Amino acid sequence: MNDPFQVDTDTRMNAHVVALILLATLTLTWVLGTWPALLLGGLALALSFLLWRASPRQVPAQSGAVLSPADGRVVKIEKVRDPYANRDALRISVFMNLFDTQGNRASVDGVIQQVQYFPGHLVSTDLDTASRHNERNAVVIDSHGQIVTLVQSAGLFARRILCHVKAGDRLTRGQRYGLIRFGSRVDVYLPPHAVPNVAPGEKVSATTTILATLVAA
């Protein structure tokens, strides 16, 4: 069984942030004194570990279920063009605030067809232009013959998107595949005939919430 407070130890992901916190703590000792600086540094480290923890989640067994890739709130459900897989799609967007767990998890089982990274800009993920202009990373998955695209989009305060998978990898529902630091949005592009199970404004949890159901075309 996974440790409920397991933290991703990939040094590429967290080491430099921890180093910055320690450096800031050391600097603050000259301004605030030792104990106040240590208290602030300890709180910052605890918050970082809390946001990046990889707690185990119960994976629904329902056939055709598309699981939420993130903790957060549904901000949009709309028919759009999926520019990453070049097709018409149903898009469900989940906004993650600064205090939601930052890890992203696979919505479906399947084989990754392609991974596309776009440097982009940093603007609010509440804006309509965010899905086109922000720093983002798209993972296109073939799930038993149906295409599902997961797009990590950096938010106003996010500084880095991390994705640990590549084309050809096989994902299982609920598997952690990356994260976005400090607020973000994940867009889930589904076949246009998928049936939504959530509504705009609804709070969702990664893996445990079913966003939609895939049905035969």
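Bear in mind these aren't lab numbers, they're just calculated from the coordinates by the rules spelled out. Predicted model, so just to flag it, every value in this text is computed and none were measured. No Cβ is skipped: glycine too gets one built from the backbone with ideal geometry, and neighbour counts run over all protein chains shown.
Per-residue packing, averaged as other Cβ atoms within 10 Å, sorts the ranges 162-169, 67-74 into the order 67-74, 162-169, beginning with the highest. Dividing the mean sequence gap of close Cα pairs (under 8 Å, 6+ apart) by how many residues region 69-112 holds gives a relative contact order of 45 percent.
Summing +1 for each Lys or Arg and -1 for each Asp or Glu among the other residues whose beta-carbon sits under 14 angstrom from that of ALA61 gives +1. Quick check: from the Cα gyration tensor, does region 165-217 come out rounded (a/c under 1.5), prolate or oblate? Cα axes put region 165-217 in the oblate bin.
So what's the net charge close to ALA85: Lys and Arg +1, Asp and Glu -1, counting the other residues with Cβ under 15 Å from its Cβ? Around ALA85, the charge tally is +1. Only residues of region 184-208 count here: report those whose backbone N is under 16 Å from the spot 7 Å along Cα→Cβ of GLN116, or say none. Inside the label zone: 187-191.
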